[in-house]
Structures are given as structure tokens and as C-alpha cells.
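Can you read through this structure? Questions will come right after.
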Amino acid sequence: MSIETEEELEGLRRAGHVVAVVLRELRRRVQPGVTTGELDALAGRVFARHGARSAPKLVYDAPSEIFISVNDEAVHGVPGRRRLKRGDLVKLDVTAELDGFFADAAVSVPVGQVPPRVARMAAAAQASLRRGLQAARAGAPVNAIGAAVQAEAERRGCAVLGELTGHGIGRSIHEEPSVPNVYVPELDAPLREGTVITIEPILGLGSSAVRAGDDGWTILTADGAPSAHAEHTLVVSAGEPLVLTAAG
């Protein structure tokens with residue numbers, strides 16, 4: 001999607017605000033003993049309170065309100081009876097639809113104290129996201145984002161799970177362009193002002209390969225190593241991008 005009017009921008013802001021609120025409330029509830037299903041139910045209540053809907057359920061008939069991935073689950077983990085325990089790293093991936101507009105964000109949340117290398121990986125995901133945001137400027141090539149994300153992740157000793165990418169968003173969950181987290185030479189088309197995209201580094205501590213889970217939804221690291229995920233939805237501009245899913 002490329003924003004053409006103030007009304008479209010306001011619609012996206014509202015959707016992004018819902019995502020930020022859901023993530024804020026979920027983070028407060030992440031603790032040992034809580035089930036991922038309980039967190040998912042909370043997300044559904046917050047969606048309803050704001051008149052929003054789960055975008056994955058709406059578009060893809062997903063089995064949950066949001067995706068919750070734990071430890072070696074990289075993305076699209078399906079919530080259920082699993083109880084969180086101290087030392088887990090939980091990835092909360094929230095995509096909302098509100099009045100025909102979509103926004104998407106993710107954060108990695110430690111359950112109590114996690115191993116130092118896992119904490120460093122989660123910090124690396126956030127740092128890589130910041131680097132990607134800095135690279136997202138009108139006129140810059142799309143692949144500048146992946147180059148920035150990859151350089152920061154590898155500088156911090158993490159592998160980029162390169163099969164998993166960011167994407168355009170706005171009027172549906174997944175739109176053009178694809179926004180890889182690694183440098184792809186042929187993706188040299190310039191970013192246009194007003195384009196709405198997600199940037200979402202997904203990092204691991206071992207191999208960069210992933211595999212599909214038995215449930216048909218969850219994507220895991222191929223080697224069983226922990227992973228981390230950080231994501232925002234943003235609008236490209238000539239200067240700093242407008243982050244629609246930032247807390248506040």
C-alpha cells in the first residue's frame with residue numbers, strides 16, 4: 001500500500017495503535033505458569049475492546065488470534081496449553097485489522113531470567129530492527145534494509161533466518177514489496193515515499209535454516225537453536241520513517 005490521503009494515514013495509525021496496545025498488555029502477562037492460550041485469549045479481548053479483528057484469522061483462517069512462538073519456534077507458533085517457564089524466550093506476533101487497515105508488530109519477551117546468549121540475541125534483533133528502520137528512506141533501494149539488518153545481526157554474532165522476510169502491508173497482511181532481512185542484489189527498486197512496509201529481523205543462534213512444524217503453521221529453527229523476532233509497521237518517508245506500531 002502507498003498512502004495517498006490523510007484519511008488512509010489515520011486509518012493505519014489507528015490499526016497500529018491497537019497492535020501496540022495488545023503487545024503492551026501481553027508483555028505484562030508474560031510470566032512463568034501462564035499458558036500461551038491464555039495470552040491469545042487476552043489478545044482477542046483487547047481486539048474486541050477496540051473494534052479490531054485478528055488479521056491472520058480474517059485473511060488466512062488462522063487457528064488463533066495471534067501467533068506466539070517459544071524458544072526454537074521462529075514464527076507462527078499456535079497458542080494452546082503450553083505453560084511458559086522461567087528461561088523461555090517468547091515471541092509475540094500481533095497483526096490487527098481495523099476498518100479495512102492492517103498493522104503488524106512483534107517483540108521477543110524473556111520469561112524471567114534467560115541465558116545471557118539468548119538475552120544478547122533478543123537485543124540483537126531489536127538493534128537490527130533499528131538499523132533497518134534507519135535504512136528505510138524514500139529513494140533508497142529495498143535491499144538497503146536487508147543489508148543493514150544482516151550487517152548488524154552478524155556483527156552481534158547471530159544468524160539471520162533468511163527465508164523469513166518483512167513485507168508490504170496496509171490493505172491486507174502481505175503485500176508487495178518483499179523486504180528480506182538479508183542483502184538480495186536484485187531487489188534494487190527504490191522505496192517510494194508513502195509506501196507501507198514491515199521490517200522484521202528474525203534471528204537465530206545457530207544455523208540460518210528453518211523447517212515447518214507438524215501443525216502446518218509453526219516455523220522452527222532447523223537445528224533447534226533459540227530464535228528472536230522484532231518487528232514494526234512503518235511508512236517510508238524522505239527522512240525518518242513513521243513507525244505506526246510504536247508504543248505511546
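For residues that are of a type outside the set (Ser, Thr, Tyr) and under 18 Å from Ile173 (Cα atoms), tally how many sit in the stretch 220-241. Outline the logic, then answer.
Step one: of the stretch 220-241, the residues of a type outside the set (Ser, Thr, Tyr) are 220, 222-226, 228-232, 234-236, 238-241.
Of the ones still in play, those that are also under 18 Å from Ile173 (Cα atoms) are 229-232, 234-236.
Going through the stretch 220-241 one residue at a time, the tally reaches 7.
Moving on to the next point. Provide a single number: the residues in the stretch 235-248 that are part of a strand (DSSP E or B) and more than 15 Å from Val107 (Cβ to Cβ). Spell out how you get there, then give the answer.
Residues of the stretch 235-248 part of a strand (DSSP E or B): 235, 242-243.
After this cut, where a residue has to be more than 15 Å from Val107 (Cβ to Cβ) as well, the list is 235, 242.
Adding up the residues that qualify gives 2.
Can I ask one more? Only one residue in Ala153, Ala148, Ala228 is free of Cβ contacts under 8 Å to residues at least 40 places away in the same chain, over 28 Å from Asp99 (Cα atoms) and not in a loop (DSSP other than H, G, I, E, B), so which one is that?
Values: Ala153 fails: free of Cβ contacts under 8 Å to residues at least 40 places away in the same chain; Ala228 fails: free of Cβ contacts under 8 Å to residues at least 40 places away in the same chain.
Selected residue: Ala148, the only one of Ala153, Ala148, Ala228 that is free of Cβ contacts under 8 Å to residues at least 40 places away in the same chain, over 28 Å from Asp99 (Cα atoms) and not in a loop (DSSP other than H, G, I, E, B).
Out of the residues in the stretch 202-248 that are under 16 Å from Val94 (Cα atoms), open to solvent by 40 Å² or more (accessible area, probe 1.4 Å) and not β-branched (Val, Ile, Thr), state the one that is nearest to the chain's Cα centre (by Cα).
His232
Go through (1) without any contact (Cβ under 8 Å) to a residue 40 or more places away in the chain; (2) surrounded by 15 or more Cβ atoms within 10 Å (Cβ to Cβ); (3) closer than 27 Å to Arg27 by Cα for Pro177 and report which single condition fails.
That leaves (3) as the condition not met.
Among the residues of the stretch 64-121, write down those that are open to solvent by 40 Å² or more (accessible area, probe 1.4 Å) and under 22 Å from Ala15 (Cβ atoms).
Glu65, His76, Asp99
The values are calculated or read from the model by the stated rules, or taken from the named source; none is laboratory data. Note that the coordinates shown come from a computational prediction; the quantities given were computed from them, not determined experimentally. Because the Cβ atoms are built from the backbone with ideal geometry, glycine has one as well, and the counts that use them run over all protein chains shown. Protein only, heavy atoms only, side chains kept; ligands, DNA and RNA dropped before computing areas. Shrake-Rupley method; radii C 1.70, N 1.55, O 1.52, S 1.80 Å.
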